[in-house]
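Below is one structure, written out as C-alpha cells; the observations come after it.
The values are calculated or read from the model by the stated rules, or taken from the named source; none is laboratory data. Note that this is a predicted model, so its numbers are computed, not measured. In this analysis, Cβ positions are derived from the backbone assuming ideal geometry, glycine residues included, and neighbour counts consider all displayed protein chains. When the accessible area is computed, the model is the full protein with side chains, heavy atoms only, and any ligands, DNA or RNA have been set aside. Shrake-Rupley method; radii C 1.70, N 1.55, O 1.52, S 1.80 Å.
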Amino acid sequence: GPQVMRGYYKDEELTKTVVDHEGWFDSGDLATMDKKGDITFIGRKKETIVLSGGENIEPEPIENSLLQSALIDQVMLIGQDRKAIAALVVPAEGMNVTEDDIRKELRARTGPAAGFRSFESVNRFLILEEPFTPENGTLTQTLKMKRKMIVEKYAKRIEKLYA
C-alpha cells in the first residue's frame with residue numbers, strides 16, 4: 001500500500017514498473033506459502049533462469065546448497081535460454097581444488113539427489129581464478145552478485161562451456 005512508498009524520486013516511468021494503479025508495490029521477491037500459512041522466500045523474479053525448454057529455475061536455493069561445500073567460496077548459476085544450467089565456481093581460498101573435486105560437489109549438492117528437480121542438476125561449470133568483489137565490479141557494496149556484469153565478464157568462456 002501507500003505506506004511502503006509512493007514511487008521513485010523524479011522517475012515516474014520506473015515507478016510505473018513497480019507500483020500498480022492501486023498503489024501496490026511489486027518487490028520482485030518470490031515466495032511460497034505452505035499449508036500452515038508459513039511463507040518462505042525462494043528468490044527474486046529478476047534472477048529467475050528460464051531454460052530453452054521453458055523450465056524456470058530459482059538460482060538462490062541451488063547456490064546456497066553449493067555454498068555448504070567447504071571447497072566452494074562463491075558460486076553463480078547461469079543458463080538463461082540454454083538447455084541446462086551451469087555454474088561459475090570460485091574455489092575455497094588456499095585449497096588445492098581440482099575439477100574432479102568440484103564435479104563431485106556439484107553432483108552431490110544439485111539435482112534429485114539433493115532434493116532438487118532433475119533439470120536443476122549442474123553438470124557444466126567453470127572454475128574462476130578471481131573471486132567476485134566490489135573492486136572488480138562483480139559485487140555490489142552490499143556484497144550482492146552483479147549477475148549481468150559477471151555474465152558479460154566471462155561471456156567468451158561461457159560460450160565455450162556451452163559449445
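Summary of values
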item	result
Residue list for segment 52-72, restricted to those being surrounded by 17 or more Cβ atoms within 10 Å (Cβ to Cβ) and more than 13 Å from residue 120 (Cβ to Cβ)	69, 72
Qualifying residue in segment 25-36 (condition: of a type in the set (Ser, Thr, Tyr), free of Cβ contacts under 8 Å to residues at least 12 places away in the same chain and assigned to a loop (DSSP other than H, G, I, E, B))	yes
Residue in segment 2-23 that is surrounded by 11 or more Cβ atoms within 10 Å (Cβ to Cβ), out of contact with any helix residue (DSSP H, G or I) (no Cβ under 7 Å at 6 or more places or on another chain) and of a type in the set (Phe, Trp, Tyr) present	no
Qualifying residue in segment 40-51 (condition: closer than 21 Å to residue 153 by Cβ, in contact (Cβ under 8 Å) with a residue 24 or more places away in the chain and either touching an Asp or Glu at 6+ places or on another chain (Cβ under 6 Å) or crowded, with 20+ Cβ neighbours inside 10 Å (or both))	yes
Condition met for residue 133 (of a type in the set (Ser, Thr, Tyr), open to solvent by less than 60 Å² (accessible area, probe 1.4 Å) and modelled with pLDDT under 95)	no
